[in-house]
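For reference, the structure discussed in these notes is given below.
The values are calculated or read from the model by the stated rules, or taken from the named source; none is laboratory data. It should be emphasised that the depicted structure is a prediction, and the values quoted were computed from it without experimental measurement. Positions of Cβ are generated from backbone atoms using ideal geometry, with glycine treated the same way; all protein chains shown enter the neighbour counts.
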Amino acid sequence: MNYIILGVIAVVGLIFAMRYSKSQNRKKMLYRIRTRFGTAPDREFVREDVGHLIDSERKELDIDEITWNDLDMDKVYSRINNCNSFIGEQVLYRRLHSIDHDGKEFEKTEKMIQEFLADTKRREDVQVLLESIGRRKYSYYLPQFINDIDMFKITNIWFYKVMSFLLAGSLILAITLNQPFQYILFIIALINVALYTLGKQRFELQLGMLVSVVNVVVIANTLIQKYKLGDGELAKESIESAKGMSKAVNRIAIIQRKMETASSGDMGALIADYLIGSTLWDFHIFNRIVKMLTVNKDEFMKLYTYIGEIDATISIASFRASIPHYCQACFHEDNTIHFTQMYHPLISNPVCNDVKMESNYIITGSNASGKSTYIKAVAINMILAQSINMALAKSANIPYANILTSMAVRDDIISGESYYIKEINYLKRIVTQLNEDKLTVCIVDEILRGTNTEERIAASVAILNYLNNRNCLAIVASHDIKISEMLDGKFKNFHFSEVWKKEDILFDYKVKMGVSKSKNAIKLLGYIGFPEEIVKYAEELVLKL
């Protein structure tokens, strides 16, 4: 009797301990979620991991690789990325590469953000659910795994079927006729266990992927049924997708439970695993699951995207809560760009500037005065406004437009391309992609700096004159005042400047109308500590040039 009481106490204690542990884990998770929301993320990411969703779709991106790198968009992504799951990270990364050409998705995003802002507990509960998906390294490959699922089908399944049939046949004969079929049964069972052990090691990663498939479907179902997230049409599509996946999920769940039991360390479970394994049942089920997923992979990816959009939307809401100010752009059909109090997302204490662009711009100014930051801010805010429905400004009145840049050009030693060759290829890509039906915003920093002065000025003026006669808005930053003079008013002139106070230099980082009158390259040599002999000699030489 005492043993029974002790047993009951032990079971109750175990249940209590498990519930307490679960409660503590949830509290820790909630603490992390609450402290992270509305703050600048400090999490690093691996570009290849978050890019697997884009890679699996094999589509041309709205924001090409050159523009993405020129604008340091990986850093912008890191600043926004407060996602709770690997799926959200991938969907957010894809969103920042995509331009919503009609704004239809923006309404869904804004509706969901408002729902989360109105009900903090609901948002936190959803985040806890998303956090449970995790960020296992192999999980990031899930979109490509699903996309190429038919490649993972076991090609020699007929052999496993034969061995399963031989095991079943020898078992029947061993029971009815005894020896020597008992020995044959033992030998076939050993062969099958060996096949199972080898095959299990080979398909272990794929089996792990299948477990991730279950998690995606289960969590998508919870988000749809319990939290009613998403608009009616999206939720309806997701429910239908979940129904199509139900058979595959049930079979994966059986394998998952078997794997978890076998890995628990219990000797009985391990023996049972190998006894069942000798039937090669796992491989037959695995192939059936692969066939089901091949048929239903589009449905699965709808659920995958559904989860990712929710996670990415919460991340966008968190980003908005962490910045000085933002707005939603008003889109129009005119070829004009207006921002008020615009700033760059990667600068902690930014100086805001207005943009009133009704024609092409050429921006001159001294070194380190703010030209590059300004033109990057224009391009980045054009992308953010068209991808996640927000611009870092007090107001934004802009057209839908393609964004192309030529900025961070580097020599390519591997391909053998010189700086100048690479630069003119960047510019040629802009020229060839101009579209009379769709406005292109072209951002160029220090045009053709990789060649001699005379030819640089001549070629630059020719290229900019060509852009001026096409369906584009060009913003060009340059040290060459001569270029702006030769354009003869076709580009509107703006500049950045600095003030020297004794031995100190002050930048206000405010854009001003007109051409820059100041130069500071030689003064900066002295400012950062070059020997006075070098500085004076440079000052003498510049007067002779």
Check on residue 398, part of a helix (DSSP H, G or I) and touching a strand residue (DSSP E or B) at 6+ places or on another chain (Cβ under 9 Å): no
Does residue 368 count as surrounded by fewer than 19 Cβ atoms within 10 Å (Cβ to Cβ), of a type in the set (Gly, Ala, Ser), touching a Gly at 6+ places or on another chain (Cβ under 8 Å) and not assigned by the TED database to the domain that holds residue 523? no
Test set (1) more than 19 Å from the chain's Cα centre (by Cα); (2) in contact (Cβ under 8 Å) with a residue 12 or more places away in the chain - residue 141 fails condition number: (1)
Enumerate the helices (runs of 4 or more DSSP H) found wholly within segment 231-322, keeping only those where 1 or more residues are modelled with pLDDT under 75 and farther than 29 Å from residue 93 by Cα. 232-262, 267-277
Condition (residue is surrounded by fewer than 22 Cβ atoms within 10 Å (Cβ to Cβ) and within 23 Å of the chain's Cα centre (by Cα)) applied to segment 347-360: is it met by at least one residue? yes
Within segment 442-482, the count of residues that are over 20 Å from residue 404 (Cβ atoms) and not aliphatic (A, V, I, L, M) comes to 9
Can you name the residue in segment 494-529 that is among the aromatic types (Phe, Trp, Tyr) and part of a strand (DSSP E or B) and, of all such residues, is farthest from residue 358 (Cα to Cα)? 500
Just to be sure, is residue 162 more than 16 Å from residue 275 (Cβ to Cβ), in the same structural domain as residue 297 (by the TED database) and either assigned to a helix (DSSP H, G or I) or modelled with pLDDT under 90 (or both)? yes
Got a sec? Which of 187, 154 is farther than 30 Å from residue 227 by Cα and part of a helix (DSSP H, G or I)? 187
